[in-house]
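Asker: Here you go, one structure.
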Amino acid sequence: MTTTKVDDIAFVRFNAPDLDAMETFLTDFGLTRAHRDATTLYMRGTDSDPYYHVTHKGEPGFAGLAFEVKSPDDLQKLAREYDAKVEPLDGPGGGQRVRLVDPNGFNIEAVAGRTPSPAQSLPEAAPVNDGRIKTRHNARKQTQPGAAHVKRLGHAVLNVKDFRQSEQWYKQRFGFITSDEIKMSPEFALGAFLRCDRGDQPADHHTLFLLGTGTPKFNHAAFEVADLDDLMKGHDLLKSKSYTPEWGIGRHILGSQIFDYWRDPWGHTLEHWTDGDLMTADWGSREATMQDLIGVQWGMPMPANMGG
């Protein structure tokens, strides 16, 4: 039985030996510093969550991810059912957490009770004159150069040993709903896009994607930006600073996001995205093909080394 239902993804954690280099990259990526001390860097977006990306000083690697639950009572229920404990959460905004380890050895946190930070405004969007309607009159549409404006963390993707085992673990503890399951044959599924169960309130097409590669590994984390112009100017800035591109720009088939993937200085993949699908619980679940997963509606085809 599901103990609780997560409401969203909260943040991702990494280790890196150089906090200066990580902060420089993440600032160019569009995040801003929330807090930093000698051993830890917390970076936020424009939305009100205290932070979305945490870097601990150490050997480079993925250190885990966290999901937001609605209340500390949900944490208490989760702790009782899975023999864990509720403890204080580090970082700006305080709060509480329950720490678990999934079947692949990934550190997974459930968090609640964080104090919001003041939201930051996004640049005002000028109306678009497209082939259907033209509402911008006597005004230019001009995008100022600079970093993209990251709003929030939208989802994470994990490569896992056994998809069905991991799917059961995450659904049992966090109440995820399958949006699209990737079927290789009638009997075998490679993975699935999982969304939060918010009832009649829309949720992102996926908050977590589990991909059964047989080898546990962080795949990528995806951050929502203001709009297409914002994503494009972020692309130009990252390119001008000679960061490592991975895949993009294009539009996914599953989830529909416009995407742009980059590598941080230690090879972790982070994605900019905008214009993704939203589903309520009653949208149900679908099946999709491998071509749906790797294909694009338009744009750059998936490179052979994606996620490698």
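The values are calculated or read from the model by the stated rules, or taken from the named source; none is laboratory data. No experiment lies behind these values; they were computed from the predicted model shown. We place every Cβ from the backbone using ideal geometry, glycine too, and count neighbours over all the protein chains shown. Side chains included, ligands, DNA and RNA excluded: accessible areas come from the protein's heavy atoms. Shrake-Rupley method; radii C 1.70, N 1.55, O 1.52, S 1.80 Å.
Asker: Among 144, 118, 184, whose Cα lies farthest out toward the positive end of the dipole of the range 106-189, if unit charges sit on the beta carbon of Lys, Arg (+1) and Asp, Glu (-1)?
Answerer: Working it through, the farthest residue towards the positive pole turns out to be 144.
Asker: With +1 on each Lys and Arg Cβ and -1 on each Asp and Glu Cβ, how big is the dipole of the chain about its Cα centre, in debye rounded to the nearest 20?
Answerer: 280 debye
Asker: For the chain, report the accessible area per residue in Å² (1.4 Å probe, heavy atoms, rounded to an integer).
Answerer: Here the residues of the chain average 45 Å² of exposed surface.
Asker: Also, quick follow-up: With the contact rule set at Cα under 8 Å and sequence spacing of 6 or more, what percent relative contact order holds for the range 22-61?
Answerer: Normalised by residue count, the contact order of the range 22-61 is 29 percent.
Asker: Hey, another quick one. At 222 nm, what helix-only mean residue ellipticity would the chain give, in deg cm²/dmol to the nearest 500, using -39500 (n - 2.57) for each DSSP H run of four or more?
Answerer: -5000 deg cm²/dmol
Asker: Sticking with this one: Placing unit charges on C-beta atoms (Lys and Arg positive, Asp and Glu negative, everything else neutral), compute the dipole magnitude of the range 150-308 about its Cα centre in debye, rounded to 20.
Answerer: 500 debye
Asker: Kirkwood Rh, the chain, all Cα pairs: how many Å?
Answerer: Over the chain, the inverse of the mean reciprocal pair distance is 20.1 Å.
Asker: Determine the share of the range 26-185's accessible area contributed by carbon and sulfur atoms, expressed in whole percent, with a 1.4 angstrom probe.
Answerer: 47 percent
Asker: Once you keep just the Cα pairs under 8 angstrom separated by 6 or more residues, what percentage relative contact order results for the range 160-308?
Answerer: It comes to 27 percent, rounded to a whole number.
Asker: Another question, if that's okay. Which entries in 134/239; 5/233; 57/171; 77/151; 85/171 show an alpha-carbon gap greater than 29 Å?
Answerer: 134/239; 5/233; 57/171; 77/151
Asker: Considering only protein heavy atoms and a probe of 1.4 Å, how much of the accessible area of the range 195-262 is carbon and sulfur, as a whole percent?
Answerer: 49 percent
Asker: If I build a Gaussian network model for the chain, linking alpha-carbon pairs within less than 10 angstrom, which residue out of 47, 73, 230 has the largest mean-square fluctuation?
Answerer: Of 47, 73, 230, the Gaussian network model singles out 73 as fluctuating most.
Asker: Here is a further query. For the peptides 206-218, 148-160, 279-291, what is the packing order when you average, over each peptide's residues, the other Cβ atoms within 10 Å and list the highest mean first?
Answerer: My ranking of the peptides, most packed first, is 148-160, 206-218, 279-291.
Asker: Report the gain in length on full extension from residue 134 to residue 242: 0.36 nm times residue separation, minus Cα-Cα distance, nm rounded to one decimal.
Answerer: Gain in length upon complete extension: 35.2 nm.
Asker: What residue among 281, 212, 252 has its Cα farthest toward the positive end of the dipole of the range 206-308, where the charges are +1 on Lys, Arg and -1 on Asp, Glu, each on the Cβ?
Answerer: So the residue furthest toward the plus end is 212.
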